[in-house]
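*Asks:* The structure follows.
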Amino acid sequence: MLRRMPGVQLVTSYRRRWLVKDLVAGFVLTAVLVPQGMAYAELAGLPAITGLYASTACLVAYALFGPSRVLVLGPDSSLGPMIAATILPLAGGDDPARAVALASMLALMVGGIMVAAAVGRLGFIVDLISKPTMIGYLNGLALTILVGQLPKLLGFTVDADGLVGEFTGFVRGVATGQVVAAAAVVGLGGTAVILALGRWAPKVPAVLLMVVLAIIAVSVFDLAAHGVSLVGELPKGFPPFTIPHIRVADIWPLLIGAVSIAVVSLADTISTASAFAARTGQQVRGNKEMAGIGAADLATGLFQGFPVSTSGSRTAVAHQAGARTQLTGLVGAVLILLMIVLVPGLFRNLPQPALAAVVITASLSLFDVAGSVRLWRQRKAEFLLSVAAFLGVALLGVLPGIGIAVGLSILNVFRRAWWPHQTVLGRVSGLAGFHDTHSYPDAEHLPGALIYRFDAPLFFANANSFRAEITRLARTEPAPRWIVIAAEPITDVDTTAADVLARLDEALNAQGTSLVFAGLKDPVRRKLQRYGLTHTIDPGHFFPTAEAAIAAFQAETGAQWVSAAPASPTG
């Protein structure tokens with residue numbers, strides 16, 4: 001069992017030539033981990049030090065239990081608002097110790113959900129969020145983060161809930177002169193530095209450089225005396241091992257938040273893991289990734305941290321710096337611990353607007369305007385799903401927003417199965433097989449026979465739609481003798497649909513029309529046999545292919561192909 005742990009496998013397979021690159025990458029990564037960890041902790045409504053506690057604990061745990069050699073876990077901008085929305089209503093506004101306890105318990109719950117899902121091999125859960133709804137969710141989340149951080153960027157606070165309330169409060173604060181000029185210079189200047197370096201000098205550690213410049217500016221210009229809030233001295237010492245204590249009434253709200261965070265964290269991790277696995281030649285193993293993230297969250301929950309996720313930007317930094325293994329993350333964790341223990345005052349002069357600049361630039365990376373434009377051009381229905389998910393987050397909040405995103409994705413799947421594409425097929429000169437008469441309106445048809453395709457499993461929700469369309473086709477003039485179902489796309493038939501098929505076959509037989517199946521998959525045909533349909537439908541009316549069915553019809557009737565296909569059903 002011990003030998004199967006990823007961390008143990010890493011030790012036994014480690015190559016000496018990787019060491020220097022991992023060490024260098026660890027130092028580079030730390031320069032990003034520290035300011036981002038502190039900024040995302042405050043985004044979650046927690047003390048800045050908890051971001052460093054979470055960073056160290058999750059890096060060590062993932063190095064031991066995570067399957068990927070290059071992924072970097074830590075506090076994440078996409079989870080910060082979800083954590084805040086979960087814990088702050090329970091903690092109140094003036095009890096940071098209770099907020100930390102709630103956040104730690106939330107991390108333990110997320111970790112437990114991840115590990116349990118990994119054991120149950122439920123990695124497919126991530127597929128509950130479609131790409132369009134995820135784009136809308138992240139766009140809404142990015143806007144929520146951006147608006148929430150604008151007051152801090154300019155040196156004042158807003159006491160409001162929700163995107164509309166926060167934006168209204170921000171505008172009111174600007175209009176009434178609450179902006180602190182020195183803070184605005186630091187915040188806006190820091191944002192400009194990060195964006196400019198990211199655009200024109202991507203190899204320069206922009207966040208670290210901005211933080212250093214901001215700290216220097218505080219000392220040189222005495223910005224604290226000009227109203228700029230500072231981070232202050234961090235608590236000294238190792239992250240304390242703590243069992244978080246919460247109230248019984250807190251369990252249900254925390255559990256709801258934990259499920260939402262687990263889904264988003266897993267989706268983000270699988271997406272990032274897939275992108276970097278393609279570069280490094282590794283395979284993405286969803287269930288093992290869940291176990292690795294779960295272990296990281298459990299560790300952070302026991303050391304006064306909060307839920308964490310994979311970071312694409314930090315992983316990219318490590319990868320570009322030459323990281324080969326999780327030793328890079330371990331080096332980062334050790335360096336952060338040394339800083340907390342030996343020089344906890346290193347960031348005491350870091351201005352709060354600089355942290356807001358870090359969060360705002362991170363939120364900008366969440367926007368996917370190009371993806372939204374592509375959806376609009378390619379498929380309007382999925383663009384509308386994306387907009388609905390965006391509005392759910394923007395107007396109702398991040399936790400209801402993820403529920404809306406998942407719900408819309410499921411409804412979209414159900415909609416496609418409920419109203420699938422269906423068509424009549426015909427023969428096209430020069431093309432093998434039979435083809436959609438919507439695409440080939442001049443396709444030939446066979447008098448007395450109709451070839452009909454239904455592109456979905458046949459189940460309770462669409463069985464009556466199937467029956468209605470077959471009944472309509474059977475009433476066309478002249479009435480067909482055979483209606484051949486090109487059944488390759490029908491991957492399942494449930495009991496409700498089986499009953500509908502039995503009644504439909506009886507009704508068609510009464511008017512002299514036979515229901516014929518072609519290309520029905522063996523597992524589906526076995527189900528029809530189990531339902532007793534092969535006693536209702538003539539066993540001779542099952543053919544391996546549509547071509548075989550049509551050949552049998554022609555042999556029986558002598559019919560020949562003619563042009564001018566009949567009108568096809570819509571769908």
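*Asks:* Step by step: first the residues of the stretch 458-484, then only those that are among the β-branched types (Val, Ile, Thr) and open to solvent by less than 10 Å² (accessible area, probe 1.4 Å), then the one that is farthest from GLU506 (Cα to Cα). Which residue is that?
*Replies:* VAL484
*Asks:* Residues that are of a type in the set (Val, Ile, Thr) and in contact with a strand residue (DSSP E or B) (Cβ under 9 Å, 6 or more places away or on another chain): which strands (runs of 3 or more DSSP E) entirely in the stretch 423-507 hold 2 or more of them?
*Replies:* The qualifying strands (runs of 3 or more DSSP E) are 482-486.
*Asks:* Applying the selection to the stretch 161-177, what residues are on the phi < 0 side of the Ramachandran plot and touching a residue at least 24 places away in the same chain (Cβ under 8 Å)?
*Replies:* Passing the criteria: LEU163, VAL164.
*Asks:* Going by what's in this entry, would VAL211 be described as assigned to a loop (DSSP other than H, G, I, E, B) and buried (at least 18 other Cβ atoms within 10 Å of the Cβ)?
*Replies:* No: the conditions fail for VAL211.
*Asks:* Do we find that ALA196 is surrounded by 20 or more Cβ atoms within 10 Å (Cβ to Cβ), among the small types (Gly, Ala, Ser) and either under 14 Å from ALA362 (Cα atoms) or touching a helix residue (DSSP H, G or I) at 6+ places or on another chain (Cβ under 6 Å) (or both) in this structure?
*Replies:* So ALA196 fails the test.
*Asks:* Given the condition under 29 Å from PRO47 (Cα atoms), touching a residue at least 40 places away in the same chain (Cβ under 8 Å), open to solvent by less than 30 Å² (accessible area, probe 1.4 Å) and touching a helix residue (DSSP H, G or I) at 6+ places or on another chain (Cβ under 9 Å), answer yes or no: does some residue in the stretch 413-423 qualify?
*Replies:* no
For every residue, the table says whether it meets (1) open to solvent by 40 Å² or more (accessible area, probe 1.4 Å); (2) modelled with pLDDT of 95 or more; (3) among the basic types (Lys, Arg); (4) farther than 24 Å from PHE390 by Cβ.
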site	(1), (2), (3), (4)
LEU143	yes, no, no, no
VAL158	yes, no, no, no
ASP161	yes, no, no, no
VAL164	yes, no, no, no
GLY169	no, no, no, no
THR176	yes, no, no, yes
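*Asks:* Hey, another quick one. Which helices (runs of 4 or more DSSP H) does the stretch 1-90 wholly contain that include 3 or more residues that are open to solvent by less than 20 Å² (accessible area, probe 1.4 Å)?
*Replies:* 19-43, 48-65
*Asks:* What is the residue count in the stretch 535-571 for residues that are modelled with pLDDT of 90 or more, under 48 Å from the mean Cα position of the chain (by Cα) and crowded, with 16+ Cβ neighbours inside 10 Å?
*Replies:* 6
*Asks:* Whether any residue in the stretch 322-332 is assigned to a helix (DSSP H, G or I), of a type outside the set (S, T, N, Q) and out of contact with any helix residue (DSSP H, G or I) (no Cβ under 6 Å at 6 or more places or on another chain) is what I want to check.
*Replies:* no
*Asks:* Just to be sure, is VAL100 of a type in the set (Val, Ile, Thr), open to solvent by less than 10 Å² (accessible area, probe 1.4 Å) and part of a helix (DSSP H, G or I)?
*Replies:* no
*Asks:* Another question about this same structure. Specify which of the listed residues (ASP505, ASP522) is of a type in the set (D, E, K, R) and open to solvent by 80 Å² or more (accessible area, probe 1.4 Å).
*Replies:* Answer to the check: ASP522.
*Asks:* Can you pull out every residue in the stretch 303-316 that is buried (at least 21 other Cβ atoms within 10 Å of the Cβ) and assigned to a helix (DSSP H, G or I)?
*Replies:* ARG314, THR315
*Asks:* If you don't mind, there's one more thing I want to ask. How many residues does the stretch 424-454 hold that are of a type in the set (A, V, I, L, M, F, W, C), at pLDDT 90 or above and either surrounded by fewer than 17 Cβ atoms within 10 Å (Cβ to Cβ) or under 33 Å from the mean Cα position of the chain (by Cα) (or both)?
*Replies:* Total meeting the criteria: 1.
The values are calculated or read from the model by the stated rules, or taken from the named source; none is laboratory data. Predicted model only: the values in this text are computed from it and were never measured. Every residue, glycine as well, gets a Cβ built from its backbone with ideal geometry; the counts of neighbours run over all protein chains shown. Keep in mind that these areas ignore ligands, DNA and RNA; they rest on the heavy atoms of the full protein, side chains included. Shrake-Rupley method; radii C 1.70, N 1.55, O 1.52, S 1.80 Å.
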